[in-house]
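Input: a single structure, listed below in structure tokens.
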Amino acid sequence: VQLVESGGGLVQAGGSLRLSCAASGSIFSGSPMGWYRQAPGKQRELVARITGGGSTNYADSVKGRFTISRDNTNNTLYLQMNSLKPEDTAVYYCNYYSYLDYWGQGTQVTVSS
């Protein structure tokens, strides 16, 4: 399994970004996928998660601002991020779980105030 994130960058507070994660290899559409983030000096934390059936859950800090979705036909995971805040600055990682955790290389999101 390979996961490749894209879409990160520098944005002003209040702006939007859309992250994508292209998955390849033995991908099962029924397995959960998610987005995690890690800010400097902090532990990696869950941002949003989506099951194979489309059920979602979000960290309290991003509820109402971020939306996770997946395209099972193209094995792509998305994270639409709106109303970005400086505290959203982090490296964002794509995760796929199927008996093991698989991770992408991460994409940097920087939100300036």
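The values are calculated or read from the model by the stated rules, or taken from the named source; none is laboratory data. Only a predicted model underlies this, so the values are computations on that prediction, with no experimental measurement involved. When we count neighbours, we look across all protein chains shown, and the Cβ atoms used for this are built from the backbone with ideal geometry, even at glycine. Accessible surface areas use protein heavy atoms only, side chains included; no ligands, DNA or RNA. Shrake-Rupley method; radii C 1.70, N 1.55, O 1.52, S 1.80 Å.
What the table below lists for this structure:
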item: Computed magnitude of the charge dipole of segment 1-102 (debye, nearest 20; Cβ of K, R +1, Cβ of D, E -1); result: 140
item: Whole-number accessible area per residue in Å² for the chain, which is evaluated in the context of all protein chains at 1.4 Å; result: 52
item: Highest-MSF residue in the chain out of Y102, Y93, Y78 [GNM, Cα springs under 10 Å]; result: Y102
item: Scattering curve values for segment 22-85, log₁₀ I(q)/I(0), Debye with Cα scatterers, q = 0.12, 0.13, 0.25 Å⁻¹; result: -0.32, -0.37, -1.10
item: Convex hull volume per residue in cubic angstrom - Cα atoms of the chain; result: 91
item: J(HN,Hα) series, segment 37-44, from Karplus relation 6.51 cos²θ - 1.76 cosθ + 1.60, nearest Hz, glycine and proline x; result: 9, 9, 8, x, x, 10, 7, 5
item: Those trypsin sites (Lys or Arg not before Pro) in segment 49-113 that DSSP places in a loop and that have at most 11 other beta carbons within 10 Å; result: K63
item: 3J(HN,Hα) from dihedral phi, segment 105-111, Karplus parametrisation 6.51/-1.76/1.60, rounded to Hz, x for glycine, proline; result: 7, x, 9, 7, 10, 10, 10
item: Max mean-square fluctuation residue, GNM over the chain, Cα-Cα springs under 10 Å, options I68, I50, I27; result: I27
item: Accessible area of segment 17-80 belonging to carbon and sulfur atoms, whole % at 1.4 Å probe; result: 44
item: Relative contact order (%) - the chain, alpha-carbon pairs under 8 angstrom, separation at least six; result: 37
